[in-house]
Structures are given as C-alpha cells and as structure tokens.
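K.L.:
Quick one: this structure, given as structure tokens, is what I'll be asking you about.
The values are calculated or read from the model by the stated rules, or taken from the named source; none is laboratory data. Note that this is a predicted model, so its numbers are computed, not measured. A quick note on method: Cβ atoms are made from the backbone with ideal geometry, for glycine too, and the neighbour counts reach across all protein chains shown. All accessible areas refer to the heavy atoms of the entire protein, side chains included, with ligands and DNA or RNA removed. Shrake-Rupley method; radii C 1.70, N 1.55, O 1.52, S 1.80 Å.
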Amino acid sequence: MIQDHNDNLDTPVLTDPFGRNINYLRLSVTDRCNLRCTYCMAEDMTFLPRQQILSLEEMTTIATAFTELGTTKIRLTGGEPLARQGIVTLVENLGQLPGLRELVMTTNGLLLPQYARALKDGGIRRLNISIDTLKADRYRSMTRVGELHQALAGIEAAQNAGFDNIKLNAVVLAGVNDDEVVQLARFAVDQGMDLSYIEEMPLGDIDSHKRVETQVFSERIRETLSEHFDLIASTETTGGPARYHRVEGTGSKIGFISPMSNNFCASCNRVRLTVEGKLLLCLGNDHAKDLKALVRRYPGEMERLKDGIREAIGRKPEMHHFDPDRVDIVRFMNATGG
Ligand code: SAM
Ligand code: SF4
C-alpha cells in the first residue's frame, strides 16, 4: 500500500559515490506515443519490437527490488504511458508496493478521459500533464498530429477524478511558443493547477529545428512572468528537479526545470529505467546497466537483481554536461523516459 510515512527505520537506502540518496525511479513503460512532439522525436521514428521491451511483470519485479532498496517515489512515463496496454494493471500492482510513498505519472493527457479515474483508484495521487500551447494550430504543429481539444478534455477529466495535485509541464522554444508563457501561467492559475516550464535538452537528433536557436532559459521566462504575477521564491520541492515560486494571491506554484542553465545534479536523487530494461544512471550520460538481461537470465532471483542495482548505483556519474549545439546523447527523450 502507498504509505504516507516511511516509518520503517530499517529500510535500506541506495547511496551513490557522491553521497546522494537515490530514492526516485522514473519508469518508462513504452517508447511509443500518440503524439510526435518536434523537440522529443524525429518525424519518422522506429519503435522497439515487443520482445525487446520489458513485460509488465518484469517492470513490477524491478520496481519491487527498488522499493526494497529504499525507493519511495516512482514516476511512470514514456513515450506516452497511457498508450501502453495494461497500464492500469501496472498502476494497481505498483500501488500495492510496501514502502512506496508516491506513485506519479507524466502524460500528454490525451487518453485521460478514458483512464483518469482508474489511475486515481489504482494509487496515483499526482499527475503531470504536458501542454506547451493553448492555440489549436500551434498544438497541431508542435505535436505534428495532436488536437488541442483532446488535451484540454484530458486535463478536465483529471480535475474531475480528484487527484491531490495536477501540474502542467511546458517546454518553451524560442520563436515557437515563447510568446505564450504568460497565457500558460494564467491558464494554470485560473484552473488552480501548478505549472513548470522546462528547458529543451539536446536529446536525440531531431529534424524540425536547431536546438541552439530555440533555447530559452528559465530566467528569461521568470522575468517575463514577474511583470504579470507576484512570484515568491519557495524552498518547496516535490522531490524532482523543479525550483518553485508561489504565485501570490493564488494556490498555484510555478516551477522551473533548468537542466541547461542551472545544473541541478548536486541534488540528484533519481535514476531511469528505459522500456528496454536499461537502468540509466544519468539523463545526460550513457552510463547504464541492463536489468532486463538480469531478470530474464535469473528469473525470481531478487537478491541478484538487487545486487545488480546496487552495483549500478555505485557507477552513477557526478553530473551531466549538456551543450545545446551538439547532440552528445543520441537517444531520444521518448526512449529515455522523460
Ligand atoms: N508523453 C508524456 C508527456 O509528454 O508528458 C511523457 C513522456 S515525455 C518524454 C516527458 C516530458 O519530457 C514531457 O513534459 C515533454 O515535454 C518533455 N520533453 C520531451 N523531450 C524533451 C526535450 N528534448 N527537452 C526537454 N524536455 C523534453
Ligand atoms: Fe510523446 Fe511526450 Fe514525446 Fe510528446 S513529449 S512525443 S507526448 S513522449
């Protein structure tokens, strides 16, 4: 069961060589998606064949090993997590893991009218919904195939399902949607939701734009917003990389996720499991461990799996070095698990 407090003092912790406590797993449940956002994917993508991806049972086994090693937060992501068959069963199974305090999801929201209630009942308390624009034609061009009204219907379904918190995520690109940062904030505030702006990262070789030309740093967005809202810096954290500001006079928070302009590696508490079963130790480096090979070669051998995880965490790099002008990391965000 999801616990409010991890009161078991015997719970082990995973600590990396730099003394960071690794208690947050981001689990990519599929590399597929019903959208093709220009900053995330190339237009023509090849997805992994079924036998190469983790089954839901394998994901549950690996997640169980992590929680037994002290992981208290799991985020389901992708690709589009709601596009994975059996996602509700996975949520229900993970929702039962002892020691897990938070089960959360990042989604583009399109399928929420169908799934929101079941996700909430399965144990998801907080949702992040990605929406980069409130203009229908722009939504279509940024996602290549998406319909804004479906994303808005998804947000509404999430609100009706009664999650503890809904946060919107927007990647801001110069010359594409940077003229909308105030409208996006206004929308979030009016709806009583939080909103985080994300700096674009150079993950994957995309064909739609040169990332160096579209880069917008968080500080510029914050300056623009402060002409319209009273932003009060807050030390509040949701256990992720966002730095928050409270919007005075409202219940909303504005977050900034700034991997390019403000390296947050010193407080990194997370690792990612790709849908292929590779444990990625850092978003901006290729250090990884093949956990799929371990679970397939030694089924049921939980201690061996946990040893593998411990060994990998012992190799977690200190920090990432992103350069928007170069694609050092060829894997796309959908394959990484955003
Ligand atoms: N499909 C879901 C969604 O869009 O919310 C979950 C996966 S998506 C990869 C997770 C987050 O990563 C989204 O908020 C998306 O906007 C963001 N993202 C994708 N590619 C990115 C990039 N190159 N740089 C920064 N953020 C990116
Ligand atoms: Fe799909 Fe999310 Fe990537 Fe957009 S950002 S293409 S919704 S995985």
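K.L.:
If I ask for residues that are acidic (Asp, Glu) and without any contact (Cβ under 8 Å) to a residue 40 or more places away in the chain, which ones from the stretch 93-135 would you list? Walk me through it before giving the result.
P.N.:
Residues of the stretch 93-135 that are acidic (Asp, Glu), as a first pass: 102, 121, 132.
Matches in the stretch 93-135: Asp121 only.
K.L.:
Give all pairs with beta carbons closer than 6 Å in which a residue from the stretch 154-170 that is over 21 Å from Ile221 (Cα atoms) and without any contact (Cβ under 8 Å) to a residue 40 or more places away in the chain meets a residue that is outside any loop (DSSP other than H, G, I, E, B) and not small (Gly, Ala, Ser); count only pairs at least 6 apart in sequence or on separate chains.
P.N.:
Asp164/Arg126
K.L.:
So, one more: I need the full set of residues from the stretch 160-170 which are open to solvent by 20 Å² or more (accessible area, probe 1.4 Å), polar (S, T, N, Q) and either touching a helix residue (DSSP H, G or I) at 6+ places or on another chain (Cβ under 6 Å) or not in a helix (DSSP H, G or I) (or both), in order please.
P.N.:
Selection gives Asn165 alone.
K.L.:
Further question on the same structure: Does the stretch 260-278 include one or more residues that are over 19 Å from Tyr24 (Cα atoms), hydroxyl-bearing (Ser, Thr, Tyr) and in contact (Cβ under 8 Å) with a residue 24 or more places away in the chain?
P.N.:
Among the residues of the stretch 260-278, at least one is over 19 Å from Tyr24 (Cα atoms), hydroxyl-bearing (Ser, Thr, Tyr) and in contact (Cβ under 8 Å) with a residue 24 or more places away in the chain, which makes the answer yes.
K.L.:
Let me ask you something else. Out of all the residues in the stretch 116-138, is one or more basic (Lys, Arg) and under 22 Å from Val176 (Cα atoms)?
P.N.:
Yes, some residue in the stretch 116-138 is basic (Lys, Arg) and under 22 Å from Val176 (Cα atoms).
K.L.:
Another question, then. Take the residues in the stretch 209-228 that are open to solvent by less than 70 Å² (accessible area, probe 1.4 Å) and assigned to a loop (DSSP other than H, G, I, E, B), then tell me which one is nearest to Asp178 (Cα to Cα).
P.N.:
Val216
K.L.:
For the stretch 221-237, does any single residue satisfy the condition of being of a type outside the set (A, V, I, L, M) and within 16 Å of ligand 1 (Cβ to nearest atom)?
P.N.:
no
K.L.:
Restricting to the stretch 189-201, count the residues that are more than 14 Å from ligand 1 (Cβ to nearest atom) and either surrounded by 23 or more Cβ atoms within 10 Å (Cβ to Cβ) or part of a helix (DSSP H, G or I) (or both).
P.N.:
So the first thing to find is which residues in the stretch 189-201 are more than 14 Å from ligand 1 (Cβ to nearest atom), and the list is 189-193.
Next cut, either surrounded by 23 or more Cβ atoms within 10 Å (Cβ to Cβ) or part of a helix (DSSP H, G or I) (or both) only: 189-190.
Matching residues across the stretch 189-201 total 2.
K.L.:
Something else now. Say whether the condition of being touching a residue at least 40 places away in the same chain (Cβ under 8 Å), touching a Ser or Thr at 6+ places or on another chain (Cβ under 6 Å) and assigned to a strand (DSSP E or B) is met by at least one residue in the stretch 171-182.
P.N.:
No: the stretch 171-182 contains no residue that is touching a residue at least 40 places away in the same chain (Cβ under 8 Å), touching a Ser or Thr at 6+ places or on another chain (Cβ under 6 Å) and assigned to a strand (DSSP E or B).
K.L.:
So for the stretch 287-298 (the condition being modelled with pLDDT under 95, within 17 Å of Ser28 (Cβ to Cβ) and touching a Pro at 6+ places or on another chain (Cβ under 9 Å)), does at least one residue qualify?
P.N.:
Looking through the stretch 287-298, at least one residue is modelled with pLDDT under 95, within 17 Å of Ser28 (Cβ to Cβ) and touching a Pro at 6+ places or on another chain (Cβ under 9 Å).
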